[in-house]
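Shown next, in structure tokens, is the structure this report addresses.
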Number of protein chains: 4
Amino acid sequence: MSLTAEVDATIRRLRVEVAALHAELPRNELVVWTAGNVSARVPGRDLLVIKPSGVSYDDLTPESMVVTDLQANLVEGDRAPSSDTAAHAYVYAQLPEVGGVVHTHSTYATAWAARGEEVPCVLTMMADEFGGPIPIGPFALIGDDSIGRGIVETLRSSRSKAVLMRNHGPFTVGADAKAAVKAAVMVEEVARTVHISRQLGEPIPIPQADIDRLYDRYQNVYGQSRGEKR
Amino acid sequence: MSLTAEVDATIRRLRVEVAALHAELPRNELVVWTAGNVSARVPGRDLLVIKPSGVSYDDLTPESMVVTDLQANLVEGDRAPSSDTAAHAYVYAQLPEVGGVVHTHSTYATAWAARGEEVPCVLTMMADEFGGPIPIGPFALIGDDSIGRGIVETLRSSRSKAVLMRNHGPFTVGADAKAAVKAAVMVEEVARTVHISRQLGEPIPIPQADIDRLYDRYQNVYGQSRGEKR
Amino acid sequence: MSLTAEVDATIRRLRVEVAALHAELPRNELVVWTAGNVSARVPGRDLLVIKPSGVSYDDLTPESMVVTDLQANLVEGDRAPSSDTAAHAYVYAQLPEVGGVVHTHSTYATAWAARGEEVPCVLTMMADEFGGPIPIGPFALIGDDSIGRGIVETLRSSRSKAVLMRNHGPFTVGADAKAAVKAAVMVEEVARTVHISRQLGEPIPIPQADIDRLYDRYQNVYGQSRGEKR
Amino acid sequence: MSLTAEVDATIRRLRVEVAALHAELPRNELVVWTAGNVSARVPGRDLLVIKPSGVSYDDLTPESMVVTDLQANLVEGDRAPSSDTAAHAYVYAQLPEVGGVVHTHSTYATAWAARGEEVPCVLTMMADEFGGPIPIGPFALIGDDSIGRGIVETLRSSRSKAVLMRNHGPFTVGADAKAAVKAAVMVEEVARTVHISRQLGEPIPIPQADIDRLYDRYQNVYGQSRGEKR
């Protein structure tokens with residue numbers, strides 16, 4: 001198989017995978033209407049596969065996914081890429097270990113983002129998955145690299161795979177698109193649980209040494225294999 | 001095709017469209033039992049297509065939709081029109097740019113309405129979609145033009161496509177019925193997210209200049225086409 | 001058709017109707033596991049049709065419904081009647097205008113019940129449906145007529161078709177079982193909306209004269225026919 | 001049938017039952033992604049049947065369930081057992097009357113757990129099912145017997161079939177796996193209802209003598225048979 005044929009096969013596979021993963025967003029009640037998007041890096045290529053802009057979740061198919069380069073220029077597809085493509089592309093360009101990116105406006109995560117307040121690490125499942133609090137990224141306008149830069153700078157100063165962009169909502173990353181979707185599900189889960197806990201008092205913090213122990217174990221021991229945990 | 005035949009074909013199409021859009025209300029958890037209604041203007045005619053009164057969402061079909069004039073008199077259909085028809089009709093009579101109207105009692109939007117408190121613009125998705133806060137309309141009794149007038153006067157003094165009628169619930173408008181349904185989904189989404197954010201502190205306001213920039217971009221650039229955005 | 005044959009046919013019809021209406025309780029998220037029950041009076045007979053005790057919602061069929069007299073003695077059926085049958089039976093014995101009774105532990109209604117606090121009438125849909133606040137019934141133990149008496153005494157001093165039994169949950173009544181199920185759906189809806197509204201301040205009361213006007217209109221004018229409104 | 005053949009038949013039956021019961025966790029919104037697990041004791045044997053680690057709820061089948069001994073060593077199955085198996089195994093080893101164990105991170109129960117605050121008994125359904133407050137277990141790290149010991153010690157000092165492990169989440173037990181799943185559903189239900197009630201004031205306590213009467217009646221009289229109540 002020629003290199004090009006191999007890349008084509010990979011893109012076909014990622015179109016199927018990214019289309020299927022989008023169904024997890026409404027199923028987990030992370031999005032309404034056409035909000036939210038999942039992307040996957042095309043390994044070894046400066047390309048990504050992402051949802052087109054303004055298409056209903058019911059109508060998403062492998063064929064309707066689009067391919068862009070890491071400057072968010074359309075390379076393959078009939079439709080305009082998601083308006084958040086520039087942010088995804090910037091993350092892939094800057095963070096080579098990232099293979100998948102997800103953005104939603106999930107309710108509880110966005111509620112913390114609107115106050116510009118990080119979610120404190122008071123649950124063992126947060127320590128497992130995020131290794132500490134969920135950090136807040138800067139307020140940034142769409143239209144240039146501001147959102148991408150805000151995501152990357154915040155993720156670089158944290159163990160968390162999720163960042164809450166101020167007044168906007170969560171972005172999550174992972175080794176592949178599925179891991180990034182899992183992080184999007186988990187960030188809403190912990191944002192909701194900690195919110196509800198704090199409504200009636202102050203949750204008890206977990207000591208840093210215990211957070212470290214939990215995070216280390218979960219990242220190295222848990223599940224059938226990496227990327228398919230809990 | 002004669003003018004009458006053309007209007008008949010349009011009405012048939014709108015019956016299908018309006019019946020299908022009603023399914024979005026329970027699907028997005030905006031209504032319970034038989035509450036809520038969607039209508040569409042018949043373009044170029046002083047007519048509208050709306051849900052009949054008191055029929056279960058399971059039983060709504062294109063055939064069960066009814067047609068009224070802009071004084072809410074029944075023109076076509078076997079059943080009484082929705083008891084909110086007068087309010088829809090008044091909006092179409094006064095606002096020629098409106099092609100669709102939706103009314104629900106969605107929980108969080110109605111909760112702000114019960115306090116008579118507008119939803120502040122603290123989320124980028126609110127700036128995109130509504131261009132500012134969601135305004136409150138007056139308390140008005142059903143039975144004459146009061147509700148319609150309250151909606152129209154409030155919408156005229158705002159960029160928002162949604163108004164929260166005091167102690168009652170949201171009404172939304174759009175270029176067509178689908179756009180009005182999208183606004184009904186989005187107004188509940190932002191009412192819920194801002195409510196939850198405020199439960200634990202004060203959300204950070206977005207400066208007016210940034211709201212203007214986001215609104216302008218979203219209304220003019222975003223999506224595959226107007227009316228099918230995000 | 002002999003009188004007995006007629007009663008038999010009515011009971012067969014009510015078994016089908018009551019079994020089908022039970023599906024509305026989980027569908028509207030009013031119950032978990034096997035909690036909750038719907039009953040219908042057998043018109044002209046001192047009998048009622050109700051759910052058996054401890055059967056999963058998935059397994060409810062017309063045949064599994066049971067028939068009791070108004071002292072809650074089993075008349076027809078293979079299983080023990082719902083443990084709440086005595087309360088239903090007492091209501092039918094005392095309130096001849098009631099044709100259906102529903103009991104749930106729906107979350108928000110039960111939350112008001114746990115504080116022993118009536119739900120104030122601050123929504124037009126409450127004025128329409130309940131004609132005022134949702135009243136609180138006394139704390140009562142299961143095992144004798146206490147619950148039934150508490151329901152009847154509370155409903156007699158109110159226009160509401162719903163009562164919140166203290167520390168327990170809502171009971172609703174209607175002209176038939178479907179109307180009582182509608183009231184069960186609506187009482188949770190208004191309990192939730194008013195709760196959420198009050199979380200961030202005080203909802204604005206609706207003047208009594210306006211409540212009266214709304215209630216009167218809704219009970220007499222609205223919908224295709226009585227019992228099938230909104 | 002030889003003893004071994006009998007045990008094999010029992011394990012086959014429990015694989016079917018435990019796989020089916022797992023579907024109740026997402027259905028009742030107690031878990032997201034791959035979180036949560038149900039197990040059953042193999043009667044008369046020091047064995048248990050449990051979910052494998054890190055497998056999606058959509059992919060759980062009787063065949064994918066695994067069997068371990070009461071030291072959590074894999075006895076039968078292709079995959080690693082759930083990472084919570086040691087806690088389940090410890091409970092079976094210490095509490096011979098327990099035939100089923102369930103663990104979730106259900107939102108409201110976990111919110112109380114994060115504050116380390118027991119859920120007070122202010123609902124008749126809590127008195128029925130749990131006989132008093134839902135107790136808090138100690139903070140414990142995964143990796144040795146700490147979680148199991150915390151569960152057992154807390155359950156031994158309470159009538160409750162549920163314990164909220166601090167900063168972690170609920171564990172429930174029952175005579176069989178189905179009863180433990182019911183307790184997992186009910187603990188979230190009461191945690192949610194009491195939380196919501198307390199948001200707007202203080203729920204009214206139920207006197208201990210009434211709790212005792214309700215608990216005694218429910219455990220002995222209610223339902224078609226034990227283990228299949230309400």
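The values are calculated or read from the model by the stated rules, or taken from the named source; none is laboratory data. Since the structure is predicted, the reported quantities are computational estimates derived from the model, not experimental observations. Quick reminder, even Gly has a Cβ in these numbers, built from the backbone with ideal geometry, and neighbours come from all protein chains shown.
Assorted remarks:
- Subset of segment B:185-201 [facing chain A (nearest Cβ under 7 Å) and surrounded by fewer than 21 Cβ atoms within 10 Å (Cβ to Cβ)]: B:199, B:200, B:201
- Enumeration of residues in segment C:58-71 that are within 11 Å of chain D (Cβ to nearest Cβ) and either in a loop (DSSP other than H, G, I, E, B) or touching a residue at least 24 places away in the same chain (Cβ under 8 Å) (or both): C:64
- Members of segment B:72-121 found to be within 13 Å of chain C (Cβ to nearest Cβ), more than 28 Å from residue C:185 (Cβ to Cβ) and touching a Phe, Trp or Tyr at 6+ places or on another chain (Cβ under 8 Å), listed by number: B:118
- If you check B:41, B:45, B:27, B:12 for being basic (Lys, Arg) and at pLDDT below 95, only one passes: B:45.
- Residue satisfying condition, being in contact (Cβ under 8 Å) with a residue 12 or more places away in the chain, within 9 Å of the chain's Cα centre (by Cα) and part of a helix (DSSP H, G or I), within set B:180, B:191: B:180
- The number of residues in segment C:1-36 that are part of a helix (DSSP H, G or I) and either within 14 Å of chain D (Cβ to nearest Cβ) or touching a residue at least 24 places away in the same chain (Cβ under 8 Å) (or both) comes to 16.
- Every listed requirement among (1) touching a residue at least 24 places away in the same chain (Cβ under 8 Å); (2) crowded, with 19+ Cβ neighbours inside 10 Å; (3) closer than 30 Å to residue D:195 by Cβ is met by residue C:39 save one, (3).
- Breaking point among (1) surrounded by 19 or more Cβ atoms within 10 Å (Cβ to Cβ); (2) within 11 Å of chain C (Cβ to nearest Cβ); (3) at pLDDT 95 or above, for residue B:54: (3)
- Residues that are among the charged types (D, E, K, R) and either part of a helix (DSSP H, G or I) or touching a His at 6+ places or on another chain (Cβ under 7 Å) (or both), drawn from segment A:72-86: A:84
- Residue in segment C:111-128 that is without any contact (Cβ under 8 Å) to a residue 40 or more places away in the chain and either under 29 Å from residue C:15 (Cα atoms) or touching a Cys at 6+ places or on another chain (Cβ under 6 Å) (or both) present: no
- Residue in segment A:158-171 that is at pLDDT 95 or above, in a helix (DSSP H, G or I), more than 9 Å from every other protein chain (Cβ to nearest Cβ) and closer than 30 Å to residue B:215 by Cβ present: no
- Selected residue (only one of C:104, C:34, C:85, C:110 is at pLDDT below 95, within 30 Å of residue D:122 (Cα to Cα) and buried (at least 21 other Cβ atoms within 10 Å of the Cβ)): C:34
- Residue check for residue A:206: of a type outside the set (Lys, Arg), crowded, with 21+ Cβ neighbours inside 10 Å and assigned to a helix (DSSP H, G or I): no
- Single condition residue A:225 does not satisfy, out of (1) modelled with pLDDT under 95; (2) surrounded by 24 or more Cβ atoms within 10 Å (Cβ to Cβ); (3) small (Gly, Ala, Ser): (2)
- So residue D:171, is it in contact with a His (Cβ under 8 Å, 6 or more places away or on another chain), within 18 Å of residue D:100 (Cβ to Cβ) and among the hydrophobic types (A, V, I, L, M, F, W, C): yes
- Single residue of segment B:90-101 satisfying the filter (over 23 Å from residue C:123 (Cα atoms) and among the hydrophobic types (A, V, I, L, M, F, W, C)) that is surrounded by the most Cβ atoms within 10 Å (Cβ to Cβ): B:98
- Of everything in segment C:122-136 that is under 24 Å from residue D:123 (Cβ atoms) and surrounded by fewer than 24 Cβ atoms within 10 Å (Cβ to Cβ), the residue that is nearest to the other protein chains (Cβ to nearest Cβ) is C:136.
- If you go through segment A:137-150 and pick out every residue that is assigned to a helix (DSSP H, G or I) and either within 14 Å of chain B (Cβ to nearest Cβ) or within 30 Å of residue D:103 (Cβ to Cβ) (or both), you end up with 3.
- Within segment A:89-105, residues that are within 10 Å of residue A:48 (Cα to Cα) have Cβ atoms under 6 Å from residues that are among the charged types (D, E, K, R) and modelled with pLDDT of 95 or more in these pairs: A:92/A:41; A:99/A:41; A:99/A:176; A:100/A:176, counting only partners at least 6 apart in sequence or on another chain.
- Positions within segment A:146-167 being over 26 Å from residue D:34 (Cα atoms) and either β-branched (Val, Ile, Thr) or surrounded by fewer than 17 Cβ atoms within 10 Å (Cβ to Cβ) (or both), in sequence order: A:147, A:151, A:152, A:153, A:154, A:156, A:157
- Just one of (1) among the aliphatic types (A, V, I, L, M); (2) under 16 Å from the mean Cα position of the chain (by Cα); (3) more than 26 Å from residue C:47 (Cβ to Cβ) fails for residue C:119. It is (2).
- Flag for residue A:174 being surrounded by fewer than 17 Cβ atoms within 10 Å (Cβ to Cβ) and either over 30 Å from residue B:212 (Cα atoms) or not charged (D, E, K, R) (or both): no
- Total residues in segment C:129-145, condition of a type outside the set (Gly, Ala, Ser) and in contact (Cβ under 8 Å) with a residue 60 or more places away in the chain: 2
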